[in-house]
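Take a look at the structure set out below.
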Amino acid sequence: MRVGLSVDPPLAAIPGVLALEGVDAFQTVLRDPGRFGNYGVPEPADRAALVEGLRGKSAWGVAHGSLLINLASPEGRIRNSSVSSLLADLKVAAEVGLAGVCFHVGYSKGHPNVEAAVTLATRKLGELVEKMPDGPRLFLENSCEGSELGQTVPELARLLRDVGAPPERLGLLVDTCHLHAAGFDLSGEGAGERLADAFAAEGVLDRVVAFHLNDCQLPCGAHRDRHAVPGEGTIGMGVVSVAAHRAFAELPGVIELSVEDARRGLGFLREHGALDKGR
Ligand SMILES: [Zn+2]
């Protein structure tokens, strides 16, 4: 897999970090992740510095959307803010040449049942896809905590099917820690094959376009989002198995930890031949 790391703004710092760590995939944020509204959006000069720094380098980048996004919220204000925040991120992502914006779809909390929440999220996601600018894609990321939607492979596949957006608009970003925490056991050598089979069984293997290649601090099924350095958590060699699997080996991924911790994870992946050639 083409694995990189997570780098916080300023965006101008990203090219230097990538060069130093010898990777060409990254994740960043394009706003203060804890607030709705245009807070902490990178200034034009900072955006220009990223574009300039990555010129001719064919790096792959993704922005992580606001952590407040809830397309299934019973409150219209939250649903609409979720849409406008993602649209604003997509616009900046287009300007600086990122591949897409990843996001968690939302929560069933406040609804009489999961079905009602999924229906609402599907409708809102459809509206978002209608309005999105050309260029960067939306990456639907799997979740693992509480009443979060999109925790299982069948749920993710259903969302994709129901929204009906084309692959060049909406793809899946798989967080290995979240999936393991949500109860899909990714430990052990056969993890890559089991994962590919599960997506293929739902007919959406080709919709998997990127990874958050995190190990997990807690046991499978703990439903808590606690990332670990690849090779140092409860997934262990399963991370290698996923990264090296033929269905995923050409895809980009990022380790969502500090640069120091990600460096250790990259070392582990490299040692086990799970990094793309030359990286
Ligand atoms: Zn996470």
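The values are calculated or read from the model by the stated rules, or taken from the named source; none is laboratory data. Quick caveat: nothing in here was measured; it's all calculated off a predicted structure. Cβ sites come from the backbone with ideal geometry, for glycine too, and all protein chains shown count toward neighbours. Surface accessibility is based on the protein's heavy atoms, side chains included, excluding ligands, DNA and RNA. Shrake-Rupley method; radii C 1.70, N 1.55, O 1.52, S 1.80 Å.
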Original post:
With region 150-261 as the region, which helices (runs of 4 or more DSSP H) entirely inside it contain at least 1 residues that are more than 16 Å from the ligand (Cβ to nearest atom) and within 24 Å of Thr28 (Cβ to Cβ)?
Top reply: 237-244
Original post:
Looking at Arg47, Arg35, Arg79, Arg55, which is the one that is open to solvent by 30 Å² or more (accessible area, probe 1.4 Å), over 15 Å from the mean Cα position of the chain (by Cα), farther than 30 Å from Thr119 by Cβ and in contact (Cβ under 8 Å) with a residue 24 or more places away in the chain?
Top reply: Arg47
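Quickly run through region 44-71 and pick out the residues that are farther than 16 Å from Ala210 by Cβ and assigned to a loop (DSSP other than H, G, I, E, B). Quick ask: steps written out before the conclusion?
To start, the set of residues in region 44-71 that are farther than 16 Å from Ala210 by Cβ comprises 44-57, 66-71.
Residues satisfying the conditions are Leu54, Arg55, Gly56, Lys57, Ser66, Leu67, Leu68, Ile69, Asn70, Leu71.
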Original post:
Are there any pairs with C-beta distances below 8 angstrom linking a residue in region 120-138 that is free of Cβ contacts under 8 Å to residues at least 60 places away in the same chain to a residue that is open to solvent by 20 Å² or more (accessible area, probe 1.4 Å) and among the charged types (D, E, K, R), with the two at least 6 apart or on different chains, and if so which?
Top reply: Leu120/Arg79; Thr122/Asp162; Lys124/Arg79; Val129/Arg169; Met132/Arg169; Pro133/Lys91; Leu138/Arg169
**OP:** Looking only at region 92-110, decide whether some residue is under 28 Å from Arg161 (Cα atoms), in a helix (DSSP H, G or I) and open to solvent by less than 30 Å² (accessible area, probe 1.4 Å).
**Re:** yes
Subject >> Residue satisfying condition, being of a type in the set (Val, Ile, Thr), touching a Gly at 6+ places or on another chain (Cβ under 9 Å) and under 23 Å from His64 (Cβ atoms), within set Val229, Val240, Val259 >> reply: Val229
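Find the residue count for region 4-26, including only residues that are outside any loop (DSSP other than H, G, I, E, B) and of a type in the set (Val, Ile, Thr).
Filtering region 4-26 for residues outside any loop (DSSP other than H, G, I, E, B) gives 4-6, 11-21, 25-26.
Those still in the list that are of a type in the set (Val, Ile, Thr) too: 14, 17.
Qualifying residue count for the region: 2.
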Original post:
So which residues in region 210-230 are touching a strand residue (DSSP E or B) at 6+ places or on another chain (Cβ under 7 Å) and surrounded by fewer than 20 Cβ atoms within 10 Å (Cβ to Cβ)?
Top reply: Gln217, Arg226
**OP:** Kindly check whether there is at least one residue in region 157-179 that is within 24 Å of Gly110 (Cβ to Cβ), open to solvent by 10 Å² or more (accessible area, probe 1.4 Å) and among the basic types (Lys, Arg).
**Re:** yes
Subject >> Test set (1) over 15 Å from the mean Cα position of the chain (by Cα); (2) over 18 Å from Val204 (Cα atoms); (3) surrounded by 21 or more Cβ atoms within 10 Å (Cβ to Cβ) - Phe184 fails condition number >> reply: (2)
Original post:
Is it the case that some residue within region 197-209 is open to solvent by 10 Å² or more (accessible area, probe 1.4 Å), touching a strand residue (DSSP E or B) at 6+ places or on another chain (Cβ under 9 Å), of a type in the set (Gly, Ala, Ser) and at negative phi?
Top reply: no
